[in-house]
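Asker: Quick one: this structure, given as structure tokens, is what I'll be asking you about.
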Amino acid sequence: MNVYQNVLAMVGNTPMLKVSNMDTGPCELYLKLELANPGGSIKDRIAVEMIAAAEAEGKLKPGDTIIEATAGNTGLGLALVASSKGYPLKIVMPDKMSQEKVNNLRAMGAEVVMTRSDVQKGHPEYYQDMAARLAEENGYFYVNQFENAANVEAHYNSTGPEIWQQMDGNLDAFVCGVGSGGTLTGIGRYLREQNSEVDLVLADPAGSILEPLINRNEEVEAGSWLAEGIGEDFVPKICEIKLANKAYAIDDKEGFNTAREVLKQEGIMVGSSSGYLIAAALRYCREQTEAKRVVTLACDTGNRYLSKLFNDEWMRSQDLL
Ligand code: PMP
């Protein structure tokens, strides 16, 4: 029988799709469809790996409660793992994230604690500080994707090798964003080991501190942006940011409209962060003078953003149309 024994076995081995209608200049652009994971995003991979590592290290035992700070997708991945393994799950999430994610998490049995989006690391209501404090006070297991080595390992062991194999070992550039930095660090390290010349390109929302750091070695104050899951106000511990040798600052208008264009032209409904990644990848492709093979990610499904990205009224209210 050609069947999966459980839902966690369906995580990974996602398809690669060639962009066929959008203008990619002299290049070929490929999208790795991480939205095809059972939890709908790339974060399923790290959820499986981080929980397995915590169990193996004795940090997580039956009956323990799991807590995580997340833009939502890591929470949804963890909800998949927690429900299949029987752990109670608490999620701390900044309030700018889509209502669909909150509803989805609650439907999967997670308890969602909303906190402020307008405060930065060090503030007691910052989502990561709040999750750490709740863990400390109540004896929960704090997953902490921002400092968890298993996050990087998940991408080094699965996403990176899958990309290399799907491209038949012929790849010039990989474009990604940074939330925790797991994808950049894990996939980036793996790809550079296969081909030291591969360009690792950061797609960063305008307002995030990362693009100025890479392009100009400049430390700036964080602003705000609408993408969910990418862009940072600090460099996470696990993130080897200097792996990126090029970066693009993408504003909200370009990021959101690129995601809408991908649906119209390529037929794939991606989420907001993927719009920024694909916008940066298209800019990179169009700047090239020779044919290159470029891969980026469709990090999550656009179904999660029907009330925002795919809602004209909301888009207009944010001055994005
Ligand atoms: N896109 C989305 C939709 C995400 O939820 C995340 C993770 N927060 C990322 C991209 C960034 O990935 P990473 O955490 O590996 O840097």
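Asker: When you count, for each residue, the other Cβ atoms within 10 Å and take the mean per peptide, how do 284-295, 114-125 rank with the highest first?
Answerer: 284-295, 114-125
Asker: So in the chain, which Cys have no other cysteine's beta-carbon sitting under 4.7 angstrom from theirs?
Answerer: Here 176, 239, 299 come out as lacking a disulfide-compatible partner, given the Cβ-Cβ threshold of under 4.7 Å.
Asker: Over 26 Å, how big is the tail of the calculated P(r) for region 1-130, in percent of all Cα pairs?
Answerer: 34 percent
Asker: Would you calculate a helix-derived [θ] at 222 nm for the chain, using -39,500 (n - 2.57) for each DSSP H run of n ≥ 4 and dividing by the full residue count, to the nearest 500?
Answerer: -11000 deg cm²/dmol
Asker: Could you check the simple spin-label distance between residue 168 and residue 287, using points 7 Å along Cα→Cβ, in nm with one decimal?
Answerer: Going from the residue 168 label point to the residue 287 one covers 2.9 nm.
Asker: For region 204-263, give the magnitude of the charge dipole about the Cα centre (Cβ charges: +1 Lys/Arg, -1 Asp/Glu; no others), in debye to the nearest 20.
Answerer: 220 debye
Asker: Viscosity 0.692 mPa s, temperature 37 °C: Stokes-Einstein D of region 55-153 from its Kirkwood Cα radius, in µm² per second?
Answerer: In µm²/s, the coefficient rounds to 241.
Asker: Sorting check: for 127-140, 182-195, 205-218, which peptide has the highest mean count of neighbouring beta carbons within 10 Å, and how do the rest follow?
Answerer: Highest to lowest by the protection proxy: 182-195, 205-218, 127-140.
Asker: Calculate how large, on average over all directions, the projected area of the Cα convex hull of the chain is; give the answer in nm² to one decimal.
Answerer: Result: 16.4 nm².
Asker: Strictly greater than 21 Å: what percent of every Cα pair in region 194-321 meets that?
Answerer: Value for region 194-321: 42 percent of Cα pairs lie more than 21 Å apart.
Asker: Which of the lysines could a cross-linker bridge to residue 308, judged by Cα under 28 Å and excluding same-chain residues fewer than eight apart?
Answerer: Cross-link targets: 18, 32, 43, 90, 96, 101, 121, 253, 264.
Asker: P(r) for region 91-250, please, calculated from all Cα pair distances in 5 Å bins and given in %.
Answerer: Here the calculated profile for region 91-250 is 2, 9, 15, 18, 19, 16, 11, 7, 3, 0.
Asker: Would you mind working out the magnitude of the charge dipole of the chain relative to its Cα centre, with +1 at each Lys and Arg C-beta and -1 at each Asp and Glu C-beta, to the nearest 20 Debye?
Answerer: 560 debye
Asker: Then there is this: Given the chain, what percent of its DSSP beta bridges are antiparallel, to the nearest 5?
Answerer: Rounded to the nearest five, the antiparallel share is 15 percent.
Rule-based calculations on the coordinates, nothing more; no lab input. Since the model is a prediction, treat every value here as computed from it, not as a measurement. In this analysis, Cβ positions are derived from the backbone assuming ideal geometry, glycine residues included, and neighbour counts consider all displayed protein chains.
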